[in-house]
Amino acid sequence: MVMFFQQILNGLTLGSVYSLVALGLTLIYGILHIPNFSHGALYMVGAYFAYFFAGSLGVPYWGAMAGAAVVVALLAVASERLVFRPLRGAPVLHDMIAAIGLLLFLEAVVQAIWGADFHRLQSPHTQIVHLFGLVAPAQRLLIVAAAFALMLGLHLFLQRTVMGSTIIAMAQDREGAALVGIDASRVSMVTFAISGALAAVAAVLFAPISLVYPAMGDLVILKAFVIIILGGMGSLPGAILGGMVIGFAESFGAFYISTNYKDIIAFALFVLIMSVRPSGLFPGGVR
Amino acid sequence: MLRLDGLTLHYGQFRALDRVSLHAGPGELVVMLGANGAGKSSLFLAISGLRKLSAGSIRFNEREVARDKPSDIVASGIVHCPEGRKLFPGMSVAKNLMLGAYVHRRDRRGSDALIDRVFGLFPMLHDKRNDPAGSLSGGQQQMVAIGRALMGRPQVLLLDEPSLGLAPLVVRQVLAAIKAINAEGTTVLLAEQNAYAALQIADRAYVIESGRIVMEGDRQTLLNDESIRRAYIGA
(Lines give C-alpha, C1' and ligand atoms only; values in the text may rest on other atoms or scores of the structure.)
Protein backbone atom coordinates (compact mmCIF):
# COMPACT_ATOMS: atom_id res chain seq x y z
CA MET A 1 0.00 0.00 0.00
CA VAL A 2 2.85 2.35 0.86
CA MET A 3 4.36 1.67 -2.55
CA PHE A 4 1.04 2.51 -4.14
CA PHE A 5 0.96 5.94 -2.50
CA GLN A 6 4.59 6.38 -3.40
CA GLN A 7 3.62 5.92 -7.04
CA ILE A 8 0.85 8.45 -6.67
CA LEU A 9 3.38 10.99 -5.48
CA ASN A 10 5.68 10.12 -8.36
CA GLY A 11 2.80 10.41 -10.80
CA LEU A 12 1.85 13.79 -9.40
CA THR A 13 5.45 14.98 -9.71
CA LEU A 14 5.81 13.88 -13.31
CA GLY A 15 2.31 15.05 -14.14
CA SER A 16 2.98 18.51 -12.70
CA VAL A 17 6.09 18.97 -14.82
CA TYR A 18 4.35 17.69 -17.95
CA SER A 19 1.31 19.87 -17.30
CA LEU A 20 3.39 23.02 -17.01
CA VAL A 21 5.14 22.30 -20.30
CA ALA A 22 1.88 21.32 -21.99
CA LEU A 23 0.09 24.46 -20.76
CA GLY A 24 2.57 26.70 -22.57
CA LEU A 25 2.35 24.59 -25.68
CA THR A 26 -1.45 24.54 -25.74
CA LEU A 27 -1.68 28.30 -25.08
CA ILE A 28 0.43 29.02 -28.14
CA TYR A 29 -1.44 26.49 -30.20
CA GLY A 30 -4.83 27.79 -29.07
CA ILE A 31 -4.03 31.39 -29.89
CA LEU A 32 -1.62 31.29 -32.80
CA HIS A 33 -2.12 27.76 -34.15
CA ILE A 34 1.62 27.18 -34.13
CA PRO A 35 2.79 23.64 -33.27
CA ASN A 36 5.76 24.94 -31.33
CA PHE A 37 8.32 22.15 -31.27
CA SER A 38 10.95 24.61 -30.10
CA HIS A 39 9.11 24.67 -26.77
CA GLY A 40 11.16 21.60 -25.79
CA ALA A 41 14.35 23.55 -26.45
CA LEU A 42 13.09 26.42 -24.29
CA TYR A 43 12.55 23.90 -21.50
CA MET A 44 16.14 22.71 -21.93
CA VAL A 45 17.59 26.22 -22.14
CA GLY A 46 15.74 27.07 -18.93
CA ALA A 47 17.50 24.25 -17.11
CA TYR A 48 20.88 25.33 -18.48
CA PHE A 49 20.44 28.95 -17.46
CA ALA A 50 19.46 27.91 -13.95
CA TYR A 51 22.50 25.61 -13.91
CA PHE A 52 24.63 28.54 -15.04
CA PHE A 53 23.15 31.02 -12.55
CA ALA A 54 23.33 28.58 -9.65
CA GLY A 55 26.56 26.80 -10.54
CA SER A 56 28.75 29.53 -12.02
CA LEU A 57 27.34 32.67 -10.39
CA GLY A 58 26.31 31.14 -7.09
CA VAL A 59 22.73 32.42 -7.22
CA PRO A 60 20.40 30.53 -4.86
CA TYR A 61 18.08 27.90 -6.38
CA TRP A 62 14.87 29.96 -6.41
CA GLY A 63 16.69 33.02 -7.71
CA ALA A 64 18.22 30.91 -10.46
CA MET A 65 14.73 29.67 -11.33
CA ALA A 66 13.37 33.22 -11.58
CA GLY A 67 16.37 34.27 -13.66
CA ALA A 68 15.94 31.33 -16.00
CA ALA A 69 12.22 32.10 -16.34
CA VAL A 70 12.98 35.69 -17.35
CA VAL A 71 15.72 34.71 -19.82
CA VAL A 72 13.58 32.04 -21.45
CA ALA A 73 10.54 34.33 -21.58
CA LEU A 74 12.67 36.86 -23.47
CA LEU A 75 14.02 34.12 -25.73
CA ALA A 76 10.47 32.97 -26.48
CA VAL A 77 9.42 36.52 -27.32
CA ALA A 78 12.45 36.85 -29.59
CA SER A 79 11.52 33.61 -31.35
CA GLU A 80 8.02 34.98 -31.94
CA ARG A 81 9.35 38.24 -33.37
CA LEU A 82 12.16 36.80 -35.48
CA VAL A 83 10.80 33.42 -36.56
CA PHE A 84 7.05 33.01 -36.20
CA ARG A 85 5.78 36.52 -36.92
CA PRO A 86 7.31 36.68 -40.41
CA LEU A 87 5.56 33.36 -41.09
CA ARG A 88 2.11 34.68 -40.20
CA GLY A 89 -0.22 33.76 -43.01
CA ALA A 90 2.05 31.00 -44.31
CA PRO A 91 0.85 27.37 -44.19
CA VAL A 92 1.12 25.67 -40.77
CA LEU A 93 3.75 23.34 -42.18
CA HIS A 94 6.16 26.29 -42.40
CA ASP A 95 5.65 27.12 -38.73
CA MET A 96 6.30 23.51 -37.86
CA ILE A 97 9.50 23.30 -39.89
CA ALA A 98 10.71 26.59 -38.43
CA ALA A 99 9.95 25.34 -34.91
CA ILE A 100 11.89 22.13 -35.42
CA GLY A 101 14.74 24.15 -36.91
CA LEU A 102 14.73 26.38 -33.87
CA LEU A 103 14.77 23.32 -31.59
CA LEU A 104 17.86 21.94 -33.34
CA PHE A 105 19.51 25.36 -33.40
CA LEU A 106 19.07 25.95 -29.69
CA GLU A 107 20.32 22.46 -28.86
CA ALA A 108 23.42 23.04 -30.99
CA VAL A 109 24.10 26.41 -29.35
CA VAL A 110 23.76 24.96 -25.86
CA GLN A 111 26.03 22.07 -26.79
CA ALA A 112 28.61 24.50 -28.19
CA ILE A 113 28.62 26.51 -24.96
CA TRP A 114 28.22 23.86 -22.26
CA GLY A 115 29.20 20.68 -24.09
CA ALA A 116 27.24 17.46 -24.49
CA ASP A 117 27.89 16.21 -20.94
CA PHE A 118 25.30 15.56 -18.31
CA HIS A 119 25.10 18.11 -15.52
CA ARG A 120 23.42 18.16 -12.21
CA LEU A 121 21.47 21.10 -10.84
CA GLN A 122 21.60 21.09 -7.05
CA SER A 123 18.53 21.97 -5.09
CA PRO A 124 18.80 23.12 -1.46
CA HIS A 125 15.77 21.00 -0.63
CA THR A 126 17.34 17.56 -0.28
CA GLN A 127 15.64 16.57 2.95
CA ILE A 128 13.27 13.64 3.12
CA VAL A 129 9.85 14.39 4.48
CA HIS A 130 8.01 11.75 6.50
CA LEU A 131 4.29 12.12 6.13
CA PHE A 132 1.62 9.65 7.29
CA GLY A 133 4.14 6.84 7.16
CA LEU A 134 5.20 7.82 3.65
CA VAL A 135 8.63 8.92 2.58
CA ALA A 136 8.70 11.90 0.25
CA PRO A 137 11.74 13.78 -1.04
CA ALA A 138 11.09 17.46 -0.36
CA GLN A 139 11.93 18.38 -3.96
CA ARG A 140 9.05 16.25 -5.25
CA LEU A 141 6.59 17.91 -2.90
CA LEU A 142 7.93 21.28 -3.98
CA ILE A 143 7.43 20.43 -7.63
CA VAL A 144 3.80 19.55 -7.03
CA ALA A 145 3.14 22.60 -4.85
CA ALA A 146 4.90 25.03 -7.19
CA ALA A 147 3.19 23.61 -10.25
CA PHE A 148 -0.26 23.90 -8.71
CA ALA A 149 0.47 27.41 -7.50
CA LEU A 150 1.52 28.38 -11.03
CA MET A 151 -1.57 26.80 -12.58
CA LEU A 152 -3.77 28.68 -10.15
CA GLY A 153 -1.89 31.88 -10.91
CA LEU A 154 -2.29 31.34 -14.65
CA HIS A 155 -5.99 30.66 -14.21
CA LEU A 156 -6.49 33.84 -12.18
CA PHE A 157 -4.44 35.85 -14.69
CA LEU A 158 -6.49 34.60 -17.64
CA GLN A 159 -9.89 34.94 -15.96
CA ARG A 160 -9.51 38.03 -13.81
CA THR A 161 -7.19 40.44 -15.59
CA VAL A 162 -7.84 42.50 -18.68
CA MET A 163 -4.64 41.27 -20.30
CA GLY A 164 -5.65 37.68 -19.57
CA SER A 165 -9.03 38.31 -21.18
CA THR A 166 -7.34 39.61 -24.32
CA ILE A 167 -5.48 36.30 -24.63
CA ILE A 168 -8.70 34.30 -24.31
CA ALA A 169 -10.54 36.68 -26.61
CA MET A 170 -7.95 36.20 -29.31
CA ALA A 171 -8.16 32.43 -28.94
CA GLN A 172 -11.95 32.49 -29.27
CA ASP A 173 -12.21 34.93 -32.15
CA ARG A 174 -9.16 36.52 -33.67
CA GLU A 175 -11.02 39.01 -35.85
CA GLY A 176 -13.46 39.89 -33.10
CA ALA A 177 -10.48 40.65 -30.87
CA ALA A 178 -8.93 42.93 -33.48
CA LEU A 179 -12.24 44.77 -33.91
CA VAL A 180 -12.46 45.71 -30.23
CA GLY A 181 -8.94 47.10 -30.51
CA ILE A 182 -6.89 44.24 -29.06
CA ASP A 183 -3.38 44.39 -30.49
CA ALA A 184 -2.66 40.91 -31.87
CA SER A 185 1.11 41.28 -31.78
CA ARG A 186 1.09 42.32 -28.16
CA VAL A 187 -1.06 39.34 -27.21
CA SER A 188 1.27 37.03 -29.17
CA MET A 189 4.29 38.37 -27.32
CA VAL A 190 2.68 38.03 -23.91
CA THR A 191 1.57 34.49 -24.75
CA PHE A 192 5.05 33.47 -25.86
CA ALA A 193 6.58 35.02 -22.75
CA ILE A 194 4.20 33.15 -20.42
CA SER A 195 4.72 29.93 -22.28
CA GLY A 196 8.51 30.26 -22.16
CA ALA A 197 8.51 31.10 -18.45
CA LEU A 198 6.32 28.07 -17.69
CA ALA A 199 8.68 25.79 -19.61
CA ALA A 200 11.72 27.18 -17.80
CA VAL A 201 10.15 26.82 -14.37
CA ALA A 202 9.09 23.25 -15.16
CA ALA A 203 12.64 22.40 -16.21
CA VAL A 204 14.25 23.99 -13.17
CA LEU A 205 11.80 22.25 -10.83
CA PHE A 206 12.47 18.88 -12.42
CA ALA A 207 16.23 19.20 -13.03
CA PRO A 208 17.37 18.38 -9.46
CA ILE A 209 15.77 14.93 -9.68
CA SER A 210 16.81 14.31 -13.28
CA LEU A 211 19.75 15.57 -15.32
CA VAL A 212 20.63 18.57 -17.46
CA TYR A 213 21.79 17.79 -21.01
CA PRO A 214 21.19 19.22 -24.50
CA ALA A 215 18.58 16.66 -25.60
CA MET A 216 16.63 16.71 -22.31
CA GLY A 217 13.72 18.55 -23.94
CA ASP A 218 13.17 16.16 -26.84
CA LEU A 219 11.16 13.50 -25.08
CA VAL A 220 9.40 16.10 -22.94
CA ILE A 221 8.11 18.02 -25.95
CA LEU A 222 6.92 14.86 -27.65
CA LYS A 223 5.03 13.93 -24.52
CA ALA A 224 3.67 17.46 -24.22
CA PHE A 225 2.27 17.12 -27.74
CA VAL A 226 0.70 13.81 -26.78
CA ILE A 227 -0.80 15.57 -23.76
CA ILE A 228 -2.33 18.48 -25.62
CA ILE A 229 -3.73 16.19 -28.30
CA LEU A 230 -5.15 14.01 -25.53
CA GLY A 231 -6.58 16.99 -23.71
CA GLY A 232 -7.89 18.70 -26.84
CA MET A 233 -5.71 21.20 -28.71
CA GLY A 234 -5.92 24.59 -27.06
CA SER A 235 -7.70 23.39 -23.91
CA LEU A 236 -6.09 24.46 -20.63
CA PRO A 237 -7.89 22.01 -18.32
CA GLY A 238 -7.13 19.38 -20.95
CA ALA A 239 -3.42 20.15 -20.74
CA ILE A 240 -3.44 19.77 -16.96
CA LEU A 241 -5.52 16.62 -16.92
CA GLY A 242 -3.63 15.14 -19.87
CA GLY A 243 -0.36 15.86 -18.08
CA MET A 244 -1.60 14.04 -15.00
CA VAL A 245 -2.85 11.08 -17.05
CA ILE A 246 0.55 10.66 -18.68
CA GLY A 247 2.43 11.27 -15.41
CA PHE A 248 0.39 8.65 -13.55
CA ALA A 249 0.55 6.17 -16.40
CA GLU A 250 4.33 6.47 -16.42
CA SER A 251 4.87 6.16 -12.71
CA PHE A 252 2.50 3.24 -12.30
CA GLY A 253 3.69 1.61 -15.50
CA ALA A 254 7.30 1.94 -14.45
CA PHE A 255 6.57 0.34 -11.11
CA TYR A 256 4.08 -2.37 -11.98
CA ILE A 257 5.32 -3.26 -15.47
CA SER A 258 8.91 -2.19 -16.02
CA THR A 259 10.98 0.99 -15.98
CA ASN A 260 12.25 0.04 -19.42
CA TYR A 261 8.80 0.62 -20.84
CA LYS A 262 8.19 3.89 -19.00
CA ASP A 263 8.35 6.06 -22.11
CA ILE A 264 6.44 3.66 -24.30
CA ILE A 265 3.50 3.65 -21.92
CA ALA A 266 2.69 7.30 -22.60
CA PHE A 267 2.57 6.74 -26.33
CA ALA A 268 0.67 3.46 -26.08
CA LEU A 269 -1.93 5.19 -23.93
CA PHE A 270 -2.09 7.95 -26.49
CA VAL A 271 -2.88 5.54 -29.31
CA LEU A 272 -5.49 3.88 -27.14
CA ILE A 273 -7.30 7.08 -26.12
CA MET A 274 -7.15 8.52 -29.63
CA SER A 275 -8.81 5.44 -31.06
CA VAL A 276 -11.71 5.87 -28.63
CA ARG A 277 -11.94 9.68 -28.52
CA PRO A 278 -10.33 11.15 -31.63
CA SER A 279 -11.02 14.78 -30.64
CA GLY A 280 -9.34 14.44 -27.26
CA LEU A 281 -10.69 14.47 -23.73
CA PHE A 282 -11.73 18.14 -23.74
CA PRO A 283 -12.39 19.36 -27.27
CA GLY A 284 -13.38 22.99 -27.66
CA GLY A 285 -10.33 25.19 -27.19
CA VAL A 286 -9.43 27.97 -24.76
CA ARG A 287 -12.20 29.01 -22.38
CA MET B 1 -16.89 63.42 -40.56
CA LEU B 2 -15.93 60.19 -42.36
CA ARG B 3 -14.83 60.58 -45.96
CA LEU B 4 -13.49 57.81 -48.18
CA ASP B 5 -11.78 58.70 -51.40
CA GLY B 6 -10.81 56.31 -54.19
CA LEU B 7 -10.60 53.25 -51.95
CA THR B 8 -9.20 50.27 -53.86
CA LEU B 9 -8.63 46.84 -52.36
CA HIS B 10 -7.28 43.66 -53.94
CA TYR B 11 -7.40 40.03 -52.83
CA GLY B 12 -4.58 38.69 -54.99
CA GLN B 13 -5.62 39.57 -58.53
CA PHE B 14 -9.25 40.08 -57.59
CA ARG B 15 -10.32 43.67 -57.14
CA ALA B 16 -12.79 43.70 -54.27
CA LEU B 17 -13.14 47.48 -54.07
CA ASP B 18 -12.73 49.78 -57.04
CA ARG B 19 -12.20 53.48 -56.32
CA VAL B 20 -14.93 53.69 -53.71
CA SER B 21 -15.70 57.22 -52.55
CA LEU B 22 -18.33 58.07 -50.00
CA HIS B 23 -18.94 60.22 -46.99
CA ALA B 24 -21.03 60.27 -43.86
CA GLY B 25 -21.76 63.45 -41.91
CA PRO B 26 -22.21 63.80 -38.15
CA GLY B 27 -25.38 62.07 -36.96
CA GLU B 28 -26.22 60.64 -40.36
CA LEU B 29 -27.51 57.12 -40.91
CA VAL B 30 -26.12 55.95 -44.21
CA VAL B 31 -27.09 52.61 -45.70
CA MET B 32 -24.91 50.54 -48.02
CA LEU B 33 -27.02 48.38 -50.29
CA GLY B 34 -25.55 45.53 -52.24
CA ALA B 35 -25.80 41.84 -52.95
CA ASN B 36 -23.61 39.16 -51.38
CA GLY B 37 -20.03 39.66 -52.50
CA ALA B 38 -20.59 43.20 -53.73
CA GLY B 39 -17.87 44.47 -51.41
CA LYS B 40 -19.74 45.79 -48.38
CA SER B 41 -17.83 43.70 -45.86
CA SER B 42 -14.51 44.37 -47.59
CA LEU B 43 -15.26 48.06 -47.38
CA PHE B 44 -15.91 47.89 -43.65
CA LEU B 45 -12.87 45.70 -43.01
CA ALA B 46 -10.75 48.19 -44.95
CA ILE B 47 -12.07 51.12 -42.90
CA SER B 48 -11.26 49.18 -39.70
CA GLY B 49 -7.70 48.60 -40.87
CA LEU B 50 -8.05 44.82 -41.12
CA ARG B 51 -7.48 44.75 -44.89
CA LYS B 52 -4.58 46.49 -46.59
CA LEU B 53 -5.62 49.05 -49.18
CA SER B 54 -4.02 49.21 -52.60
CA ALA B 55 -4.96 52.86 -52.94
CA GLY B 56 -7.19 55.55 -51.56
CA SER B 57 -7.64 57.60 -48.46
CA ILE B 58 -9.87 57.45 -45.39
CA ARG B 59 -10.30 60.75 -43.58
CA PHE B 60 -11.93 60.79 -40.20
CA ASN B 61 -12.44 64.10 -38.41
CA GLU B 62 -10.05 65.70 -40.95
CA ARG B 63 -7.33 63.17 -40.15
CA GLU B 64 -5.96 60.46 -42.46
CA VAL B 65 -6.47 57.04 -40.82
CA ALA B 66 -6.00 54.73 -43.82
CA ARG B 67 -2.63 53.37 -42.65
CA ASP B 68 -3.40 53.24 -38.91
CA LYS B 69 -3.43 50.05 -36.86
CA PRO B 70 -6.87 48.52 -36.15
CA SER B 71 -6.51 49.27 -32.43
CA ASP B 72 -5.77 52.96 -33.14
CA ILE B 73 -8.76 53.19 -35.46
CA VAL B 74 -11.08 51.80 -32.77
CA ALA B 75 -9.57 54.17 -30.22
CA SER B 76 -10.13 57.13 -32.55
CA GLY B 77 -13.87 56.39 -32.62
CA ILE B 78 -14.65 54.17 -35.61
CA VAL B 79 -16.11 50.94 -34.26
CA HIS B 80 -17.07 48.01 -36.46
CA CYS B 81 -19.75 45.46 -35.61
CA PRO B 82 -18.88 42.71 -38.08
CA GLU B 83 -20.92 40.33 -40.17
CA GLY B 84 -21.18 37.01 -38.35
CA ARG B 85 -20.90 38.96 -35.08
CA LYS B 86 -17.46 37.58 -34.10
CA LEU B 87 -18.31 37.34 -30.42
CA PHE B 88 -16.17 35.52 -27.85
CA PRO B 89 -18.50 32.53 -27.54
CA GLY B 90 -17.08 31.02 -24.36
CA MET B 91 -17.15 34.28 -22.40
CA SER B 92 -20.13 35.67 -20.56
CA VAL B 93 -22.23 38.39 -22.15
CA ALA B 94 -20.95 40.89 -19.58
CA LYS B 95 -17.32 40.05 -20.37
CA ASN B 96 -17.94 40.37 -24.10
CA LEU B 97 -19.36 43.82 -23.46
CA MET B 98 -16.49 44.85 -21.20
CA LEU B 99 -13.96 43.76 -23.80
CA GLY B 100 -15.79 46.03 -26.23
CA ALA B 101 -14.50 48.83 -24.02
CA TYR B 102 -10.94 47.49 -24.23
CA VAL B 103 -9.50 50.68 -25.74
CA HIS B 104 -11.10 52.66 -22.89
CA ARG B 105 -9.89 50.27 -20.18
CA ARG B 106 -8.32 53.10 -18.16
CA ASP B 107 -11.79 54.62 -17.70
CA ARG B 108 -13.50 51.80 -15.88
CA ARG B 109 -16.16 54.11 -14.42
CA GLY B 110 -17.18 55.40 -17.84
CA SER B 111 -17.48 51.84 -19.11
CA ASP B 112 -19.57 50.78 -16.12
CA ALA B 113 -21.99 53.60 -16.88
CA LEU B 114 -22.04 52.71 -20.54
CA ILE B 115 -22.79 49.04 -19.90
CA ASP B 116 -25.91 50.14 -18.00
CA ARG B 117 -27.00 52.10 -21.06
CA VAL B 118 -26.44 49.02 -23.25
CA PHE B 119 -28.57 47.00 -20.81
CA GLY B 120 -31.16 49.78 -21.05
CA LEU B 121 -31.20 49.45 -24.82
CA PHE B 122 -31.33 45.63 -24.71
CA PRO B 123 -32.88 44.69 -21.33
CA MET B 124 -32.72 41.01 -22.14
CA LEU B 125 -28.91 41.13 -22.16
CA HIS B 126 -29.04 42.10 -18.51
CA ASP B 127 -30.92 38.90 -17.70
CA LYS B 128 -28.41 36.87 -19.67
CA ARG B 129 -25.31 38.77 -18.58
CA ASN B 130 -23.67 35.74 -16.93
CA ASP B 131 -24.45 33.29 -19.74
CA PRO B 132 -21.81 32.39 -22.31
CA ALA B 133 -22.42 34.50 -25.42
CA GLY B 134 -22.33 31.36 -27.55
CA SER B 135 -25.39 29.96 -25.80
CA LEU B 136 -27.66 32.83 -26.89
CA SER B 137 -30.03 32.85 -29.85
CA GLY B 138 -28.99 34.57 -33.08
CA GLY B 139 -30.97 37.72 -32.34
CA GLN B 140 -29.61 37.97 -28.82
CA GLN B 141 -26.06 37.44 -30.08
CA GLN B 142 -26.59 40.27 -32.55
CA MET B 143 -27.62 42.49 -29.67
CA VAL B 144 -24.45 41.50 -27.78
CA ALA B 145 -22.45 42.36 -30.89
CA ILE B 146 -24.08 45.78 -31.23
CA GLY B 147 -23.71 46.33 -27.49
CA ARG B 148 -20.04 45.38 -27.62
CA ALA B 149 -19.50 47.87 -30.44
CA LEU B 150 -21.27 50.60 -28.43
CA MET B 151 -18.89 49.93 -25.53
CA GLY B 152 -16.12 51.13 -27.83
CA ARG B 153 -17.75 54.60 -27.71
CA PRO B 154 -18.16 54.99 -31.46
CA GLN B 155 -18.50 58.32 -33.18
CA VAL B 156 -18.99 56.30 -36.33
CA LEU B 157 -20.57 52.85 -36.00
CA LEU B 158 -20.09 50.39 -38.87
CA LEU B 159 -22.81 47.75 -38.82
CA ASP B 160 -22.35 44.86 -41.21
CA GLU B 161 -25.53 42.89 -41.97
CA PRO B 162 -26.99 43.00 -38.47
CA SER B 163 -30.25 41.43 -39.66
CA LEU B 164 -28.66 38.45 -41.40
CA GLY B 165 -30.38 35.19 -40.45
CA LEU B 166 -32.79 36.77 -37.97
CA ALA B 167 -36.56 36.32 -37.79
CA PRO B 168 -38.57 39.29 -39.19
CA LEU B 169 -39.77 40.40 -35.76
CA VAL B 170 -36.21 40.39 -34.42
CA VAL B 171 -35.03 42.30 -37.49
CA ARG B 172 -37.50 45.05 -36.64
CA GLN B 173 -36.21 45.17 -33.03
CA VAL B 174 -32.61 45.37 -34.16
CA LEU B 175 -33.32 48.11 -36.69
CA ALA B 176 -35.30 50.06 -34.08
CA ALA B 177 -32.32 49.84 -31.74
CA ILE B 178 -30.02 51.08 -34.51
CA LYS B 179 -32.35 54.00 -35.14
CA ALA B 180 -32.29 54.80 -31.42
CA ILE B 181 -28.49 54.70 -31.32
CA ASN B 182 -28.37 57.01 -34.33
CA ALA B 183 -30.94 59.37 -32.76
CA GLU B 184 -28.53 59.91 -29.85
CA GLY B 185 -26.01 61.35 -32.29
CA THR B 186 -23.86 58.40 -33.39
CA THR B 187 -23.12 58.33 -37.10
CA VAL B 188 -24.10 54.94 -38.51
CA LEU B 189 -22.95 53.19 -41.64
CA LEU B 190 -25.25 50.22 -42.14
CA ALA B 191 -24.65 47.47 -44.69
CA GLU B 192 -27.80 45.58 -45.52
CA GLN B 193 -29.30 43.23 -48.05
CA ASN B 194 -32.67 43.80 -46.47
CA ALA B 195 -33.04 47.01 -48.51
CA TYR B 196 -36.60 48.01 -47.82
CA ALA B 197 -36.31 47.78 -44.05
CA ALA B 198 -32.93 49.50 -44.03
CA LEU B 199 -34.07 52.37 -46.23
CA GLN B 200 -36.95 53.05 -43.84
CA ILE B 201 -34.50 54.28 -41.21
CA ALA B 202 -31.85 55.72 -43.54
CA ASP B 203 -30.98 59.34 -44.28
CA ARG B 204 -29.04 58.45 -47.41
CA ALA B 205 -27.89 55.31 -49.16
CA TYR B 206 -25.24 54.06 -51.55
CA VAL B 207 -25.61 51.10 -53.85
CA ILE B 208 -22.49 48.99 -54.31
CA GLU B 209 -22.02 46.42 -57.07
CA SER B 210 -18.86 44.45 -57.85
CA GLY B 211 -16.81 46.73 -55.62
CA ARG B 212 -18.09 49.99 -57.13
CA ILE B 213 -20.52 52.61 -55.96
CA VAL B 214 -23.12 52.63 -58.73
CA MET B 215 -25.71 54.91 -57.19
CA GLU B 216 -26.28 57.23 -54.28
CA GLY B 217 -29.18 59.26 -53.05
CA ASP B 218 -31.49 60.09 -50.16
CA ARG B 219 -34.08 57.70 -48.88
CA GLN B 220 -36.96 58.84 -51.08
CA THR B 221 -34.91 58.81 -54.28
CA LEU B 222 -33.78 55.25 -53.73
CA LEU B 223 -37.13 53.98 -52.49
CA ASN B 224 -38.73 55.36 -55.65
CA ASP B 225 -36.02 54.23 -58.03
CA GLU B 226 -37.31 51.57 -60.39
CA SER B 227 -34.04 49.62 -60.71
CA ILE B 228 -33.54 49.57 -56.94
CA ARG B 229 -37.07 48.33 -56.43
CA ARG B 230 -36.48 45.53 -58.92
CA ALA B 231 -33.05 44.49 -57.68
CA TYR B 232 -33.28 44.89 -53.91
CA ILE B 233 -36.85 45.29 -52.83
CA GLY B 234 -38.61 42.92 -55.17
CA ALA B 235 -41.70 45.05 -55.75
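Of A:Ser16, A:Ser195, A:Ser275, the residue with the greatest mean-square motion in the GNM of chain A, using alpha carbon springs below 10 Å, is A:Ser275. Structure remark: mean-square fluctuation, Gaussian network model of chain A, C-alpha springs under 10 Å; the largest value among A:Phe206, A:Phe132, A:Phe248 belongs to A:Phe132. Springs join every pair of Cα atoms under 10 Å in this Gaussian network model of chain A, and among A:Gln127, A:Gln111, A:Gln139 the largest mean-square fluctuation is at A:Gln127.
For the range A:175-248, the square roots a ≥ b ≥ c of the C-alpha gyration tensor eigenvalues yield an a/c of 1.5 or more together with a/b not exceeding b/c, which makes the shape oblate. For the range A:1-143, evaluate the Debye formula with one uniform point scatterer on each Cα (no solvent term) and list log10 I(q)/I(0) at q = 0.18 Å⁻¹, rounded to two decimals. The Cα Debye sum returns log10 ratios of -1.11. Working from Cα pairs under 8 Å separated by at least six residues, relative contact order for the range A:93-207 is 17 percent. Share of the range A:2-276's accessible area from carbon and sulfur, percent, 1.4 Å? About 73 percent, which is the carbon plus sulfur part of the accessible surface. Let me make sure I get this right: for the range B:64-173, a, b and c are the square roots of the gyration tensor eigenvalues over alpha carbons, sorted descending. Under 1.5 in a/c it's rounded, otherwise prolate if a/b > b/c, else oblate. Which is it? The shape class here is oblate.
With angles folded into 0 to 90 degrees, how steeply does helix B:138-151 sit against the dominant principal axis of chain B? Use alpha carbons for both and round to 10. Helix B:138-151 sits roughly 90 degrees off the main axis of chain B. Which shape class applies to the range B:32-111: rounded if a/c is under 1.5, otherwise prolate when a/b exceeds b/c and oblate if not, where a ≥ b ≥ c are the square roots of the Cα gyration tensor eigenvalues? It comes out oblate by the Cα gyration axes.
Computed log10 I(q)/I(0) for the protein assembly as shown at 0.10 Å⁻¹: -0.84, from the Debye equation with unit scatterers placed on every C-alpha and solvent omitted. Contact-buried residues of the range A:157-179, at a threshold of 10 Å² lost accessible area versus the chain by itself: A:Gln159, A:Val162, A:Ser165, A:Thr166, A:Ile168, A:Ala169, A:Gln172, A:Asp173, A:Glu175, A:Gly176, A:Ala178, A:Leu179 (1.4 Å probe; DNA, RNA and ligands ignored). In this label model, B:Ala113 and A:Ile8 are separated by 5.6 nm, measuring between points 7 Å along each Cα→Cβ vector. Cross-link partners of A:Lys262 among lysines, defined as those whose alpha carbon lies under 29 angstrom from its own and excluding same-chain residues fewer than eight positions apart: A:Lys223. Surface analysis of the protein assembly as shown yields an accessible area of 42 Å² per residue, using protein heavy atoms and a 1.4 Å probe.
In whole percent, what relative contact order does chain B give with Cα contacts below 8 Å and a gap of six or more residues?
28
Two-decimal Rg/Rh of chain B from alpha-carbon positions, Kirkwood Rh? Dividing the radius of gyration by the Kirkwood radius yields 0.96.
Pairs of Cα atoms nearer than 8 Å and 6+ residues apart set the relative contact order; for the range B:114-219 it is 20 percent. Rg of the Cα atoms in the range A:2-276, relative to 2.2 N^0.38 Å, amounts to 0.99. For B:Tyr11 and B:Ala35, the FRET efficiency from 1/(1 + (r/R0)^6), where r spans their Cβ atoms and R0 equals 22 Å, is about 0.80.
Interface A-B: total buried accessible area of about 1800 Å², 1.4 Å probe, protein heavy atoms only.
Of the listed pairs B:Lys128/B:Lys179; B:Lys69/B:Lys95; B:Lys69/B:Lys128; B:Lys40/B:Lys69; B:Lys40/B:Lys179, which have alpha-carbon separations greater than 31 Å here? From B:Lys128/B:Lys179; B:Lys69/B:Lys95; B:Lys69/B:Lys128; B:Lys40/B:Lys69; B:Lys40/B:Lys179, over 31 Å: B:Lys69/B:Lys128.
Within chain B, the longest segment free of exposed loop sites, counting trypsin sites (Lys or Arg not before Pro) that fall outside DSSP classes H, G, I, E and B and have at most 13 other Cβ atoms within 10 Å, spans B:107-235.
The values are calculated or read from the model by the stated rules, or taken from the named source; none is laboratory data. Everything numeric here is computed off the predicted structure, so don't read it as measured data. Every residue, glycine among them, receives a Cβ derived from its backbone with ideal geometry; neighbour counts consider all protein chains shown. Side chains are part of the model used for accessible areas, which takes the heavy atoms of the whole protein and leaves out ligands, DNA and RNA. Shrake-Rupley method; radii C 1.70, N 1.55, O 1.52, S 1.80 Å.
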